[in-house]
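First comes the structure, then the notes that go with it.
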Amino acid sequence: MTDALMLLLNIFTSLFCTVLIVRAWVFWRRIPPFNPYCAFIYKLSDFIVVPVRKIIPSSKNIDIPSLLIAFIVCLIEVFISYKLTIFKEEIPGISISLPVFIIAGLQLFINQILSVVLWLSIFYAIMSWVSPMAPFISFLRALIEPLLIPIRKIIPNALKTGPFDFSLMFLMIGILVLQTLVNSY
């Protein structure tokens, strides 16, 4: 039973964090809110971001409330997962220190961000091959291209002139390496 609860918790928190992270990314990229995909993301997250924004305003380029809420959701997931694990194993009296708890939440938060970038990169690659004129591809392009520009500046010219865009592959490999590093601590 606890495994099912942990799975549902992980799915819910991952999806909600994804919405909040994409919202922060859209804010950073200044994608107009009348874009239907942005409007959908805003509708999903306005119920919690708008009240928090009244207390903690966004900076010029960073949507601090969305990222803060995503981090808190990650902390809640770590806490509930810890409690469910203790309940499942029936181990009384074991506690987690606050620094370890915060580091575990930060690790999950960073992993969530990297996962969002990885999955959107995969969707971007697939959509650019299957349906390059789809409306969703322009939304993905606005999110992914700024990450690809620095990679394109450092890869050799031989990899730039071919029929394939290797910068996206290097981005994905870099994300997987970063996820491995984050998960190893």
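The values are calculated or read from the model by the stated rules, or taken from the named source; none is laboratory data. Remember, it's a predicted structure, so these values are computed and weren't measured experimentally. With ideal geometry, Cβ positions are generated from the backbone for all residues, glycine too; neighbour counts draw on all protein chains shown.
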Check your understanding: When both residues are 6+ apart or on different chains and their Cβ atoms are under 8 Å apart, which pairs have a first residue that lies in segment 4-25 and is buried (at least 19 other Cβ atoms within 10 Å of the Cβ), and a second that is of a type outside the set (A, V, I, L, M, F, W, C) and not in a helix (DSSP H, G or I)?
Key -> 23/63; 24/63
Check your understanding: So which residues in segment 155-166 are of a type outside the set (D, E, K, R) and surrounded by 10 or more Cβ atoms within 10 Å (Cβ to Cβ), if there are any at all?
Key -> 155, 159, 164, 166
Review point. Restricting attention to segment 128-163, which residues are at pLDDT 90 or above, among the β-branched types (Val, Ile, Thr) and touching a helix residue (DSSP H, G or I) at 6+ places or on another chain (Cβ under 8 Å)?
Key: 137, 144, 151
**Study point:** Every residue from segment 143-154 that is surrounded by 14 or more Cβ atoms within 10 Å (Cβ to Cβ) and either in contact with a strand residue (DSSP E or B) (Cβ under 9 Å, 6 or more places away or on another chain) or β-branched (Val, Ile, Thr) (or both)
**Key:** 144, 151
Check your understanding: Out of all the residues in segment 24-47, is one or more among the β-branched types (Val, Ile, Thr), touching a helix residue (DSSP H, G or I) at 6+ places or on another chain (Cβ under 9 Å) and closer than 23 Å to residue 102 by Cβ?
Key -> no
Study note, to complete from the structure: When every residue in segment 69-108 that is over 23 Å from residue 181 (Cβ atoms) and among the charged types (D, E, K, R) is compared, the one modelled with the highest pLDDT is 83
Exercise for review: Answer yes or no: is there a residue in segment 123-141 that is surrounded by 16 or more Cβ atoms within 10 Å (Cβ to Cβ), among the small types (Gly, Ala, Ser) and under 25 Å from residue 68 (Cβ atoms).
Suggested key: no
